[in-house]
Amino acid sequence: MQIANTDVNRDGFTLTLSDFIYMIRVILHDAAPLPKLTPEESQLKVLVTTRNSDHIMTFDSKVPVGAALLVFKHKNEIASSELSSSQMEIRSAEVNGEFRVLIYSSAGNSISSGNNEVLKIKAEEGLELTSIEAVDPYGRPLTISKTAKA
């Protein structure tokens with residue numbers, strides 16, 4: 001029963017990034033029901049560019065991005081990770097051989113729509129983005145397409 005109660009936004013999925021961001025909206029008293037995003041609005045293009053040991057993530061979307069969870073496989077140690085936006089927060093951790101990065105804002109801020117460099121990770125070769133989950137500022141899931149460029 002307690003796990004079922006973690007489906008804060010009532011989308012049928014428990015303990016998701018959408019639930020987390022929706023809960024922040026509830027705390028900020030900004031949790032009015034919202035219409036679903038159109039397929040075009042919900043597209044988030046993620047470009048991963050690698051230059052030497054810098055791996056740069058760029059987001060391109062029609063709507064602001066409220067949070068993102070990125071998961072990487074890597075062969076060598078991660079030297080550092082930094083956000084390009086000072087309005088967002090970052091948490092990262094090594095979990096079961098994966099490097100996980102959560103980008104969010106407890107104040108309800110977001111990454112603006114359009115094309116934005118979001119994250120830079122310093123790591124030697126072998127860093128691979130294996131999954132990404134992202135939501136708009138209201139917790140509505142975004143559809144991800146990713147490309148890599150050396």
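Brief remarks follow.
- Failed condition for S113, given (1) at pLDDT 95 or above; (2) touching a Phe, Trp or Tyr at 6+ places or on another chain (Cβ under 7 Å): (2)
- Within segment 102-123, the only residue that satisfies the criterion of being among the hydroxyl-bearing types (S, T, Y), open to solvent by less than 30 Å² (accessible area, probe 1.4 Å) and either over 13 Å from the mean Cα position of the chain (by Cα) or closer than 23 Å to K73 by Cβ (or both) is Y104.
- Within segment 1-18, the set of residues being of a type outside the set (A, V, I, L, M) and either out of contact with any helix residue (DSSP H, G or I) (no Cβ under 6 Å at 6 or more places or on another chain) or at pLDDT below 75 (or both) comprises Q2, N5, T6, D7, N9, R10, D11, G12, F13, T16, S18.
- Test: residue in segment 52-71 that is without any contact (Cβ under 8 Å) to a residue 12 or more places away in the chain and over 21 Å from R91 (Cα atoms): yes
- Restricted to segment 124-145, and to residues there that are more than 24 Å from Q87 (Cα to Cα) and part of a strand (DSSP E or B), the residue that is most open to solvent (accessible area, probe 1.4 Å) is E128.
- Consider segment 38-76 and keep the residues that are assigned to a loop (DSSP other than H, G, I, E, B) and either touching a Phe, Trp or Tyr at 6+ places or on another chain (Cβ under 9 Å) or modelled with pLDDT of 90 or more (or both). The one that is most open to solvent (accessible area, probe 1.4 Å) is K62.
- Members of segment 53-87 that are hydrophobic (A, V, I, L, M, F, W, C) and farther than 21 Å from D19 by Cα: I56, M57, F59, F72, I78, A79, L83
- Scanning segment 16-31 for residues that are hydrophobic (A, V, I, L, M, F, W, C), buried (at least 16 other Cβ atoms within 10 Å of the Cβ) and in a helix (DSSP H, G or I) yields L17, F20, I21, I24.
- Residue pairs meeting the criteria (Cβ under 7 Å; at least 6 apart or on separate chains; first acidic (D, E), in segment 133-150; second surrounded by fewer than 20 Cβ atoms within 10 Å (Cβ to Cβ) and in a strand (DSSP E or B)): E133/L69
The values are calculated or read from the model by the stated rules, or taken from the named source; none is laboratory data. Just so you know, these numbers come straight off a predicted model, no measurement behind them. Methodologically, a virtual Cβ is constructed for each residue, glycine included, from the backbone with ideal geometry; neighbour enumeration extends over all protein chains shown. Just so you know, the surface numbers come from the protein's heavy atoms only, side chains and all, with ligands and any DNA or RNA stripped out. Shrake-Rupley method; radii C 1.70, N 1.55, O 1.52, S 1.80 Å.
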